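One structure is given below, encoded as structure tokens.
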Amino acid sequence: MRARYGVPLGIAAFGAAGVLYAAGFEARSFRLRRVTVPVLPPGMRPLRVLQVSDIHMVCGQRKKRRWLQSLAGLRPDFVLNTGDNLSDPEGVPEVLDALGPLMEFPGAYVFGSNDYYGPRPRNPARYLLERTSGRHGLNGNPPVVGAIHNPWEELRDGFDGAGWLNLTNTRGVLKIEGASVELTGLDDPHIKRDRYPQVAGGPSGTADFSMGVVHAPYLRVLDSFTADGYPLVLAGHTHGGQLCIPFYGALVTNCDLDADRVKGLSTHTAEGRTSYLHVSAGCGTNRYTPVRFACPPEATLLTLVGRE
């Protein structure tokens, strides 16, 4: 009996322990990453930018709310929210409560698909199939039928009421202690809501610094931002791979970005120009897959400094 069932039972126990760790500990083990990016014009003072992304708020997530509120203690120069705030149609009040202290600072936002539509149960193996087929979201796949609509207008009104800039396929400028920061944003490419021609042309030249902001880092978007001369692009969406293999990394990115750049700071080159790219692994998960492994939830404090 022992020889026959010992190994399978051991494997099952190991797997159960892994799931408990991924759901019970790591998915709530919130971290702050700090990154320095040399992109500012020489002589411009450093800027501290707090990026929050992929909150995927579900009602009752008190620890996540308290952690997000605590980030206000960093005193950033401004905040960028790169989308997917919701994973619960009833979650808008809790998102606004969690981000309330951060909305005391200048900020801007773009939306992701989960701000517009509620999640559905999904076989995780589909992410691997989409990676091999090159189809992600609505990019090459048929339209979604029977989608749950989230109250994104309430979320927008809350952010707008706090003075955050809505960067939905448009530009905006933040004034930071005498410096002007131009932000060019896009709606979510994952569901084909991006309209780059509406913001094309590159930095206006009237601001001290310009950068691009988008939820999902699809290559067509990164190519456009980089070719237009933006020195930095911020994105989220990937969850850092969410379920990663230790010492190897992510298997999927949920878009056409390569897995080597699934999170953190990297570069992107297009038409002879190179931009810095920062992809946040985000601080939440889809409510139907509340697990993370070798990829803890995060926010990032980016310190922008002068170019060498």
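Readers should treat all values here as calculations from the given coordinates under stated rules, not as data from a laboratory. Keep in mind the model is a prediction, meaning the values are calculated, not measured. Positions of Cβ are backbone-derived with ideal geometry, glycine not excepted, and every protein chain shown enters the neighbour counts.
Let me know the charge dipole size of the chain about its Cα centre in debye, to the nearest 20, where only the beta-carbon of Lys, Arg (+1) and Asp, Glu (-1) is charged.
Values: 32 positive and 29 negative charges, 242 e Å.
The dipole of the chain has a size of about 1160 debye.
Toward the positive end of the charge dipole of the chain, about the Cα centre and with charges on Cβ (Lys, Arg +1; Asp, Glu -1), which of 41, 238, 303 goes farthest?
Highest projection toward the positive end goes to 238.
How large is Rg over Rh for the stretch 156-308, taking Rg from the Cα atoms and Rh as the Kirkwood inverse mean of 1/r across Cα pairs?
Working: Rg = 15.9 Å, Rh = 16.4 Å.
My calculation puts Rg/Rh at 0.97.
Provide the net charge surrounding residue 236, with neighbours chosen by a C-beta distance below 9 Å and charges set as Lys +1, Arg +1, Asp -1, Glu -1.
My count for the surroundings of residue 236 gives -2.
Less than 10 Å Cβ to Cβ from residue 271, Lys/Arg counted +1 and Asp/Glu -1: what total charge do the surrounding residues give? All intermediate terms of the calculation are to be shown ahead of the outcome.
On the way: positive: 273; negative: 223, 228.
Around residue 271, the surrounding residues sum to -1.
Could you tell me which GluC sites (Glu not before Pro) in the stretch 62-112 are loop residues by DSSP with no more than 15 other beta carbons within 10 angstrom of their beta carbon?
Numbers: sites: 90, 94, 104; in loops: 90.
Loop-located and lightly packed - 90.
Mind jotting down a quarter of the surface of the convex hull over the alpha carbons of the chain, in square nanometres, one decimal? Write out the running numbers ahead of the final one.
Working: hull surface 71.0 nm².
Computing the convex hull of the Cα atoms and averaging its projections yields 17.8 nm².
Taking the Cα atoms of the stretch 169-213 alone, what are Rg (to one decimal) and Dmax (as a whole number) in Å?
Cα radius of gyration and Dmax of the stretch 169-213 are 11.5, 37 Å respectively.
Just tell me the longest site-free run in the chain, where the sites are chymotrypsin sites (Phe, Trp or Tyr not before Pro) in a DSSP loop having at most 12 other beta-carbon atoms within 10 Å. Write out the running numbers ahead of the final one.
Working: sites that count: 25, 247, 248, 288.
With chymotrypsin sites (Phe, Trp or Tyr not before Pro) excluded where exposed in loops, the chain gives 26-246 as its longest stretch.
Report the one residue of 136, 225, 155 whose Cα lies farthest in the direction of the positive end of the charge dipole of the chain (charges on C-beta: Lys and Arg +1, Asp and Glu -1; origin at the Cα centre).
Of 136, 225, 155, it is 136.
In nm, to one decimal, how far is the residue 259 label point from the residue 204 one, both placed 7 Å along Cα→Cβ?
Going from the residue 259 label point to the residue 204 one covers 4.2 nm.
Would you mind working out the magnitude of the charge dipole of the stretch 161-308 relative to its Cα centre, with +1 at each Lys and Arg C-beta and -1 at each Asp and Glu C-beta, to the nearest 20 Debye? Display every interim value, and only then the final one.
Numbers: 12 positive and 14 negative charges, 70 e Å.
Roughly 340 debye, rounded to the nearest 20.
Just how far, in whole angstrom, is the stretch 134-209 from the stretch 33-55 if you go by their alpha carbon centroids?
Spelled out, the Cα-based centre of one part sits 19 Å from the other.
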